[in-house]
Amino acid sequence: MAWIAHHQRISLSTLVELLKNPLGSLMTWLVIGIALGLPAILYVVLQNVSNVSGDWGGKPRVSLFLSESVSVHDAQTLSQKITLQAGVAQVRFISADDALLEFQHRSGFGEVLRTLDKNPLPHVVEVMATEKDPLNLSLLISGWESDPRVERVSVDLQWLERLFAILLFAERLVTALTVVLCLGLMLIMGNTISLAIENRRQEIEVVKLVGGTDGFVRRPFLYLGFWYGLGGAVFACLLLEISLLFLSAPVELLAQSYRDDFVLQGPGWAGIFALIGLGSVLGVIGSALAVSRHLADIEPS
Amino acid sequence: MIRFDDVSKRYEGSSDALSHVSFDLADGEMAFLTGHSGAGKSTLMKLIILMERASRGQVIVNGTNLNRVTRRQIPAVRRDIGVVFQNHQLLFDRNVFDNVALPLTIAGFSPREVGRRVRAALSKVGLSDKEKKFPVALSGGEQQRVGIARAVVNKPPLLLADEPTGNLDPELSTEVMDLFLWFNQVGVSVLIATHDLDLVKRMARRELVLRQGQLVGGED
């Protein structure tokens, strides 16, 4: 019990000490907040982009444009046949009439289209393939191409592949940035704690003289690191929320051109807690490193 | 309580600070350690509280051979020795109560026990009404008594004092010495380093005399 009370007292008194110097503490918290917040913002944005693209799930989408001569009935038969094929997840049949309606609705060329005496659009069978292996996929496609009812096959895969490559690159970039900034954060922490240790050199000497263990000497500095990390993480969360608020309008505008119902997702409570936990842990680790480096140097003399 | 067995201490690049020092301080004994500045008084004290290690010979304190004490075990040895410093070594950002409480906090006593013992120690040194004061607000003599209270609050079997009356006028010196006498009467072994020879004469206790690192009087 005494041990718990001791920890409570030390943690509180280090916090009080931080608050006694509000400007200095605030600066440190802000620096830590920026170092933590920047990768957090990038991570959340990346997560959102992944969600949008994840709906396609990396599944290749193939459009089969049918010949003009094919009747609606024949087209439907074909699409049913394809549904049963291996490697096919989903098939959507869009008749020429439906396509025209949709095009009129979306493009705003409704009046122009109405002047045409004949629907220029073909029937389309949209196939969502589960097959990702390029060779098997090309076999499937060539099978469809050889069907006389099919005029042309278009695979809108390339841009998707490109998007995934970009996403992978961005993920790596964010990871690298996170690692670098976390290292920087630990250095900041180490430096801050080193200063605190230097300021309390006399106290450490006295504590050692009256029989204080290394653990006893270390404890307040670990708590100091903890409070710095925790406070910094709170600022990082603020930074994150404000940035998302600022970014949401343009990002949503962009994303809604792909999907109607897109809303920028925040980090959520789990994300907030993870960020705060990460900050606190990094704070403690950073200060532990600093303390272990300095503690042995300070001996009463 | 303290046993020096042919102890020498040489600092790097200088002659022996202590050479071939042997003596015994019995349990419950009180003795003085005298000698000019630089005769080795401080070095001898530092060896006892493990601020320095002997170059040769053995120092045995309270049954522990200090040669065999590892760095991690040093705190445990120091907790059994109360030390009064010439420059007090008080923490100026803490009040009197917290200064005296430090050894108990380190040893993990409960707050209630800490409060009880600190008040007892402060009352013994006559500073009961000053527990909320900060060291800067105290006179030199009062600061020294806070240092003494901190040294004995843990009830250590051995009390060391390095020039405890160095900065005090004769009247205050006598008060401080009376405190040491009282602690000795209740069974604490006391070793006091001082160059106040008049005081030593008045107290009529064993006197260990150091000269240029050698013990030249009071070996037995």
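The values are calculated or read from the model by the stated rules, or taken from the named source; none is laboratory data. No experiment lies behind these values; they were computed from the predicted model shown. Here the Cβ is made from the backbone with ideal geometry for all residues, glycine too, and neighbour counts use every protein chain on show. Just so you know, the surface numbers come from the protein's heavy atoms only, side chains and all, with ligands and any DNA or RNA stripped out. Shrake-Rupley method; radii C 1.70, N 1.55, O 1.52, S 1.80 Å.
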Inset, instruction - Tell me which residues, restricted to the range B:38-79, are open to solvent by 50 Å² or more (accessible area, probe 1.4 Å), touching a residue at least 40 places away in the same chain (Cβ under 8 Å) and part of a helix (DSSP H, G or I). - result: B:Ser42, B:Arg79
Legend entry - Matching option when the condition is buried (at least 16 other Cβ atoms within 10 Å of the Cβ), within 12 Å of chain A (Cβ to nearest Cβ) and small (Gly, Ala, Ser), among B:Gly82, B:Gly35: B:Gly82
Legend entry - Filter pass, B:Asp24 being open to solvent by 10 Å² or more (accessible area, probe 1.4 Å) and within 12 Å of chain A (Cβ to nearest Cβ): no
Legend entry - Condition broken by B:Tyr11, with the remaining ones in (1) open to solvent by 30 Å² or more (accessible area, probe 1.4 Å); (2) within 14 Å of chain A (Cβ to nearest Cβ); (3) out of contact with any Pro (no Cβ under 8 Å at 6 or more places or on another chain); (4) closer than 27 Å to A:His6 by Cα satisfied: (4)
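Among the residues of the range A:220-236, how many are farther than 19 Å from A:Leu26 by Cβ and open to solvent by 10 Å² or more (accessible area, probe 1.4 Å)? Can you show your working first?
So in the range A:220-236, the residues farther than 19 Å from A:Leu26 by Cβ come out as A:220-222.
Narrowing the set further to residues that are open to solvent by 10 Å² or more (accessible area, probe 1.4 Å) leaves A:220, A:222.
Qualifying residue count, the range A:220-236: 2.
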Inset, instruction - Of all residues in the range B:198-220, count the ones that are open to solvent by less than 30 Å² (accessible area, probe 1.4 Å) and touching a strand residue (DSSP E or B) at 6+ places or on another chain (Cβ under 6 Å). - result: 6
Legend entry - Selection within the range A:208-236 - part of a helix (DSSP H, G or I), under 17 Å from A:Trp3 (Cβ atoms) and within 14 Å of chain B (Cβ to nearest Cβ): A:Asp214, A:Gly215, A:Phe216, A:Val217, A:Arg218, A:Arg219, A:Pro220
Inset, instruction - Output the residue which, of all residues in the range A:162-181 that are over 15 Å from A:Val44 (Cα atoms) and touching a helix residue (DSSP H, G or I) at 6+ places or on another chain (Cβ under 6 Å), is surrounded by the fewest Cβ atoms within 10 Å (Cβ to Cβ). - result: A:Leu163
Legend entry - Matching residues in the range A:269-295 - criterion: being within 14 Å of chain B (Cβ to nearest Cβ) and open to solvent by 60 Å² or more (accessible area, probe 1.4 Å): A:Ser292
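Mind listing whichever residues of the range B:94-113 are part of a loop (DSSP other than H, G, I, E, B) and more than 8 Å from chain A (Cβ to nearest Cβ)?
First, pick out the residues of the range B:94-113 that are part of a loop (DSSP other than H, G, I, E, B): B:94-95, B:108-110.
Once the filter is applied, which keeps residues that are part of a loop (DSSP other than H, G, I, E, B) and more than 8 Å from chain A (Cβ to nearest Cβ), the range B:94-113 yields B:Arg94, B:Asn95.
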Inset, instruction - Confirm whether A:Ser67 is at pLDDT below 90, touching a strand residue (DSSP E or B) at 6+ places or on another chain (Cβ under 7 Å), within 27 Å of A:Ser146 (Cβ to Cβ) and more than 14 Å from chain B (Cβ to nearest Cβ). - result: yes
Inset, instruction - Return yes when A:Val207 is among the hydrophobic types (A, V, I, L, M, F, W, C), at pLDDT 90 or above and open to solvent by less than 30 Å² (accessible area, probe 1.4 Å) and no when it is not. - result: yes
Inset, instruction - Any chance you could count how many residues in the range B:85-119 are touching a residue at least 24 places away in the same chain (Cβ under 8 Å) and surrounded by 15 or more Cβ atoms within 10 Å (Cβ to Cβ)? - result: 20
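Got at least one residue in the range A:203-219 being of a type in the set (Phe, Trp, Tyr) and within 24 Å of A:Ala274 (Cβ to Cβ)? Lay out the reasoning, then the answer.
Step one: of the range A:203-219, the residues of a type in the set (Phe, Trp, Tyr) are A:216.
From the residues that got through so far, the ones that are within 24 Å of A:Ala274 (Cβ to Cβ) too are none.
No.
Go through the range B:38-51 and count every residue that is under 21 Å from A:Val217 (Cβ atoms) and either more than 9 Å from every other protein chain (Cβ to nearest Cβ) or hydrophobic (A, V, I, L, M, F, W, C) (or both). Even if it seems obvious, please write down each step before you answer.
Let us first name the residues in the range B:38-51 that are under 21 Å from A:Val217 (Cβ atoms), namely B:46, B:49-51.
Subsequent filtering for residues that are either more than 9 Å from every other protein chain (Cβ to nearest Cβ) or hydrophobic (A, V, I, L, M, F, W, C) (or both) retains B:49-51.
So the answer is 3.
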Inset, instruction - Answer yes or no as to whether B:Leu18 is under 18 Å from the mean Cα position of the chain (by Cα) and closer than 22 Å to B:Val200 by Cβ. - result: no
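Listed here are the residues, each with its yes/no results for (1) without any contact (Cβ under 8 Å) to a residue 24 or more places away in the chain; (2) away from chain B (no Cβ under 11 Å); (3) under 19 Å from the mean Cα position of the chain (by Cα); (4) open to solvent by less than 60 Å² (accessible area, probe 1.4 Å).
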site	(1), (2), (3), (4)
A:Ala196	no, yes, no, yes
A:Leu238	no, yes, yes, no
A:Glu241	no, yes, yes, no
A:Leu245	yes, yes, yes, no
A:Ser248	yes, yes, yes, yes
A:Leu254	yes, yes, yes, no
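Would you confirm whether any residue within the range A:183-194 is closer than 30 Å to B:Phe92 by Cβ and either open to solvent by 60 Å² or more (accessible area, probe 1.4 Å) or not in a helix (DSSP H, G or I) (or both)?
Let us first name the residues in the range A:183-194 that are closer than 30 Å to B:Phe92 by Cβ, namely A:188-194.
Add one more test, that the residue is either open to solvent by 60 Å² or more (accessible area, probe 1.4 Å) or not in a helix (DSSP H, G or I) (or both), and what stays is A:191.
Looking for residues that are closer than 30 Å to B:Phe92 by Cβ and either open to solvent by 60 Å² or more (accessible area, probe 1.4 Å) or not in a helix (DSSP H, G or I) (or both), one finds at least one in the range A:183-194, hence yes.
Among the residues of the range B:165-187, is any closer than 20 Å to B:Val77 by Cβ, modelled with pLDDT of 90 or more and either in contact with a Gly (Cβ under 6 Å, 6 or more places away or on another chain) or open to solvent by less than 20 Å² (accessible area, probe 1.4 Å) (or both)?
Looking only at the range B:165-187, we keep the residues that are closer than 20 Å to B:Val77 by Cβ, and these are B:183, B:187.
Next, from what is left, pick out any that are modelled with pLDDT of 90 or more: B:183, B:187.
Adding the requirement that they be either in contact with a Gly (Cβ under 6 Å, 6 or more places away or on another chain) or open to solvent by less than 20 Å² (accessible area, probe 1.4 Å) (or both) leaves B:183, B:187.
Yes, there is a match, as at least one residue in the range B:165-187 is closer than 20 Å to B:Val77 by Cβ, modelled with pLDDT of 90 or more and either in contact with a Gly (Cβ under 6 Å, 6 or more places away or on another chain) or open to solvent by less than 20 Å² (accessible area, probe 1.4 Å) (or both).
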